[in-house]
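Visitor: Attaching a single structure in structure tokens format; questions to follow.
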Amino acid sequence: MSDLSAIAESNPLRQALPRAKVPEPCSIVLFGATGDLTHRKLVPALYHLDQAGHLPGECAIVGFARRDWSDQQFRDELKKSLANPKDGGFEESWTEFAPKIFYNASNFDDPSGYRKLKEQLDKIDGTHGTRGNRLFYLAVSPEYFSVIVEQLGQAGLIYKDDEGPWSRVVIEKPFGHDLASALELNRDVSRVLREDQVYRIDHYLGKETVQNILALRFGNSMFEPLWDRRYVESVQITAAEELGMAGGRGGYYDTSGALRDMIQNHLLQLLCLVAMEPPVDLGADAVRNERAKVLQALPIWTAEEVENHVVRGQYVAGSIQGKEVPGYRDEKGVAAESSTDTYVALRVTLNNWRWAGVPFFLRTGKRLPKRATEIAIQFKKPPTNLFEVDNEANAGANLLVLRIQPNEGASLAFQAKIPGSRRRLQEVRMDFRYGTAFASPPPEAYERLLLDVLLGDPSLYTRTDAVEAAWKFVDPILKAWDAPDAPKILDYAAGTWGPEAADKLTEGTETEWRRL
Ligand code: BG6
């Protein structure tokens, strides 16, 4: 057994991400190598994959960024972000990992930097046996996406031939700022890359609990027959965050807002997984076809419909768990008069056979009382009520809650008879928790997604038609908000569940916003 496989065998991550296949030898080029994402997510994910024996032995990581660092400086910085005092074997495994790491200092629009990169990669192919296979990961600000792809093409770093070595490009979010810019970016990218070489990332799709939505729906026979307009009253998807503008994100966020930052991608992808039809198999095409169809069934709203279906808010100073926090406009990097949305709630129905008339409630916000992402499927009440009930409003409404994070798991609420001579019911729950059901913790989303792109499996990445369909839904909302006569954005105090006006979205339905 090699040293690497010995480490892998003893590492619990091996169980967390069981895989028959190991990717082919390759170089992984990280654009934006000095940035937060590289240090917080990408390199830790690659390191853990390597430790668990999921990376090929012949593998190299090349950082590409503007800062004038040497290979050694880059390694030292990465070591700082990886070092785990609790991991007794860290020094030893770092000593094995570090020689695979290189750095290339260049501006993103400088052709000479890409020529240097090509020479460097060719050399690494010789020294590290990476066989010309290349993954380029664009963890940079979106204005550089087109520039980098074009430069890669001009430097001859993208193979057009599907025989021989491969080249793939991962593009971080946000993919476009609106429909027009997403279409333009897709055009720019497709001038250099075939669609099967483009991996648009939405890290929610890599979360274990998100993948479990399909397992729950299509790996069981008892849920699916109830999963449509006849039995489902409503679906509520929440992604609540306690954090405000942490880590100096105010500048970026102020140009984005909750609709673009969370709804256009993460929440709509959750909606796809809840609402899609069963795919013929779990291959990338079949799954992505079904996800895209859900987005295509979203309505295109008029300004008046936007006003009736969407509520946007921005947090003002308040307190979260006893701690005073500033309002959004007082955050670093945020304009003093900003009207950027930090909260969005909306009610939408899908124009398709399965879901006609069923309201889907989506909401997300910063500085809400707690961090919680979940999907709540509320089933219809029984047609008649034979029992005494304490809470008439909810009597008999079964609720299936999929907890995406934290406390990952699922619970099913149903009615049970309270012991005694009366016919009284009480809601009780069956609960599944990842922590207790499975021995190992779920792997990080980025580990799964990086492994998939190295294996050439795009199923958990977003295809061009899906990105465009999502923007087609979001664009009219953005336009309505930009109109001179648009209603003003509503305030909500940090630490509350958003503007009270969001309650108008549930009026006339059997559903209320859940207080988690
Ligand atoms: C990112 C958003 O895509 O997702 C952030 O840009 C948000 O604003 C984050 O905080 C949430 O991700 P997670 O995995 O913490 O739910």
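The values are calculated or read from the model by the stated rules, or taken from the named source; none is laboratory data. Worth saying up front: this structure is predicted, and the values here are computed from it rather than measured. Here the Cβ positions follow ideal geometry from the backbone for every residue, glycine too, while neighbour counts run over all protein chains shown. For accessibility, only protein heavy atoms count, side chains too; no ligands or nucleic acids. Shrake-Rupley method; radii C 1.70, N 1.55, O 1.52, S 1.80 Å.
Visitor: Using the alpha-carbon atoms, what tilt in degrees (0 to 90, nearest 10) does helix 179-192 show relative to the longest principal axis of the chain?
Guide: 30
Visitor: Another question, then. What FRET efficiency do you get for ASN352 and ALA286 if R0 is 25 Å and r is their Cβ-Cβ distance, rounded to the nearest 0.05?
Guide: 0.90
Visitor: So for region 61-207, averaging the separation of alpha carbon pairs under 8 Å that are six or more residues apart and normalising by length, what relative contact order in percent results?
Guide: Rounded, it is 21 percent for region 61-207.
Visitor: I'd like to check one number: the per residue accessible area of region 360-475, probe 1.4 Å, reported in Å² as a whole number.
Guide: 45
Visitor: Counting only the heavy atoms of the protein chains, how much of LEU516 is accessible to a 1.4 Å probe, in Å² to the nearest 10?
Guide: The accessible area of LEU516 comes to roughly 50 Å².
Visitor: Right, here's the next one. Quote the relative contact order of the chain in percent (integer), defining contacts as alpha-carbon pairs under 8 Å separated by 6+ residues.
Guide: Once divided by the residue count of the chain, the mean separation gives 18 percent.
Visitor: Another question, then. What fraction of the DSSP beta bridges in the chain is antiparallel, stated in percent and rounded to the nearest 5?
Guide: 55
Visitor: Multiply the residue gap between SER190 and THR255 by 0.36 nm, knock off their C-alpha separation, and tell me the result in nm, one decimal place.
Guide: 20.8 nm
Visitor: Among LYS366/LYS504; LYS323/LYS370; LYS79/LYS100; LYS41/LYS207; LYS323/LYS504, which pairs are too far apart, with a Cα-Cα distance over 22 Å?
Guide: Where the Cα-Cα span goes over 22 Å, the pairs concerned are LYS323/LYS504.
Visitor: Taking amide H positions as placed 1.01 Å from N in the peptide plane, with prolines and chain starts having none, which residues 5 or more places from GLN314, or on another chain, fall under 5 Å of its amide H?
Guide: Here THR342, LEU490, ASP491, TYR492 satisfy the definition.
Visitor: What FRET efficiency would be calculated for the residue pair GLN426, LEU516, taking the C-beta separation as r and a Förster radius of 30 Å, to the nearest 0.05?
Guide: After rounding to 0.05, the efficiency reads 0.90.
Visitor: Let me ask another. Compute the acute angle (0 to 90°) between the alpha-carbon long axis of helix 111-128 and the principal axis of greatest extent of the alpha-carbon atoms of the chain; round to the nearest 10°.
Guide: Between helix and principal axis, roughly 80 degrees.
Visitor: Sticking with this structure for a sec: Quick check for me: using +1 on Lys/Arg Cβ and -1 on Asp/Glu Cβ, what's the dipole size of the chain about its Cα centre, in debye to the nearest 20?
Guide: The dipole of the chain has a size of about 1020 debye.
Visitor: Which value, in Å² rounded to 10, gives the accessible area of PHE438 with a 1.4 Å probe and all protein chains present?
Guide: 110
Visitor: Taking the Cα centre of each part, how many Å lie between region 385-464 and region 145-168?
Guide: What the calculation gives is 43 Å, centre to centre.
Visitor: Can I ask one more? Subtracting the Cα-Cα distance from 0.36 nm times the residue separation, let me have the gained length for ASP87 to LYS21 in nm, one decimal.
Guide: 21.1 nm
Visitor: Based on the alpha-carbon gyration tensor of the chain and its eigenvalue square roots a ≥ b ≥ c, which shape applies: rounded if a/c is under 1.5, prolate if not and a/b is larger than b/c, or oblate?
Guide: Judged from the Cα gyration tensor, the chain comes out prolate (a/c at least 1.5, a/b above b/c).
Visitor: Between ASP178 and ARG217, how high is the FRET efficiency from 1/(1 + (r/R0)^6) when r is the Cβ-Cβ distance and R₀ = 30 Å? Nearest 0.05.
Guide: That pair, ASP178 with ARG217, gives E of 0.40.
Visitor: Can you put TRP166, TRP227 in order of accessible area, largest first, using a 1.4 Å probe?
Guide: On the way: TRP166 30, TRP227 0 Å².
Largest accessible area first, the residues go TRP166, TRP227.
Visitor: Using the Karplus curve 6.51 cos²θ - 1.76 cosθ + 1.60 with θ = phi - 60°, what ³J(HN,Hα) values do you get for each residue of region 137-151, in whole Hz, with x for Gly and Pro?
Guide: Result, ordered by residue: 10, 9, 9, 10, 5, x, 5, 9, 4, 5, 4, 5, 4, 5, 5 Hz.
Visitor: Report in % the part of the accessible area of the chain that belongs to carbon and sulfur, leaving out ligands and nucleic acids; probe 1.4 Å.
Guide: Of all accessible area on the chain, carbon and sulfur atoms account for 50 percent.
Visitor: At 1.4 Å probe size, with no ligands or nucleic acids counted, give the accessible surface of VAL232 in Å², nearest ten.
Guide: Number for this one is 0 Å².
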